[in-house]
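Worksheet: one structure, shown below.
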Amino acid sequence: MAASRLYRWFVVFVLLLASLGKGSLAEQALPAQEREQASLAVTRTVLGILSFVRWPWPSEHLTLCVVGEVQFASLLTDDLRQANGQALRVQHYASADALPPNCNALYLGKLPAATQQALFARFLGKSTLLISEADDECVLGNMFCLAVTKQQVNFNINLDSLSRSTVRVHPNVLKLARQRP
């Protein structure tokens with residue numbers, strides 16, 4: 001019953017965001033207030049996505065590792081809880097080489113193409129969800145790709161990348177995204 005309510009909340013939130021403007025901000029510099037609003041929307045979206053992902057083992061908390069040049073991850077901090085109440089540990093890394101193997105999810109900012117490909121190869125087939133703010137079209141190998149605008153956050157899903165992972169995403173969340181084969 002509670003999961004159904006959480007899902008409805010997530011659907012309403014995503015649909016509300018989808019009804020607002022278009023045009024990615026990933027390449028644009030934003031004034032501080034707009035960046036803060038976009039960061040809040042990204043945080044809500046990431047928490048919503050994580051709440052509807054199941055890992056192959058139970059855990060008290062999830063570890064979200066943030067790496068790369070990020071614009072919208074400033075509010076992703078340790079004091080967050082997912083909509084389902086599960087604690088979230090957020091760790092920021094200056095370099096992809098420093099990432100530990102125990103990340104349940106990666107939040108990727110801008111990274112050189114070679115670094116991205118090395119990360120995809122490193123986490124291929126693992127129980128790690130890959131979310132990017134710098135891959136609007138979702139063609140680089142990420143699973144969830146955020147498209148951030150002034151008033152909303154949309155996301156795309158790369159089903160090929162997702163199918164190669166051992167994490168499972170609730171099917172209704174998959175319906176909310178523009179899917180990439």
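Report the trypsin sites (Lys or Arg not before Pro) located in the range 54-149 that are in a DSSP loop and have at most 15 other Cβ atoms inside 10 Å of their Cβ, or state none. Before the final figure, lay out each step's value.
Details: sites: Arg54, Arg81, Arg89, Lys110, Arg122, Lys126; in loops: Lys126.
Here the sparse-neighbourhood loop sites are Lys126.
Give me, ordered by chain and number, the residues 5 or more places off Leu88 or on other chains with an amide H under 5 Å from its own placed amide H. Close amide H contacts, sequence-distant or interchain: Leu62, Leu80, Gln82.
Each of Ala114 and Leu174 was given a label point 7 Å from its Cα along the Cα-to-Cβ line. The distance between the two points is 3.6 nm. Computed log10 I(q)/I(0) for the range 98-163 at 0.13, 0.14 Å⁻¹: -0.33, -0.38, from the Debye equation with unit scatterers placed on every C-alpha and solvent omitted.
Every number here is computed from the coordinates shown, using simple stated rules; none is lab data. All of these numbers come straight from a predicted model, not from anything done at the bench. Cβ: placed from backbone, ideal geometry, glycine included. Neighbour counts: every protein chain shown.
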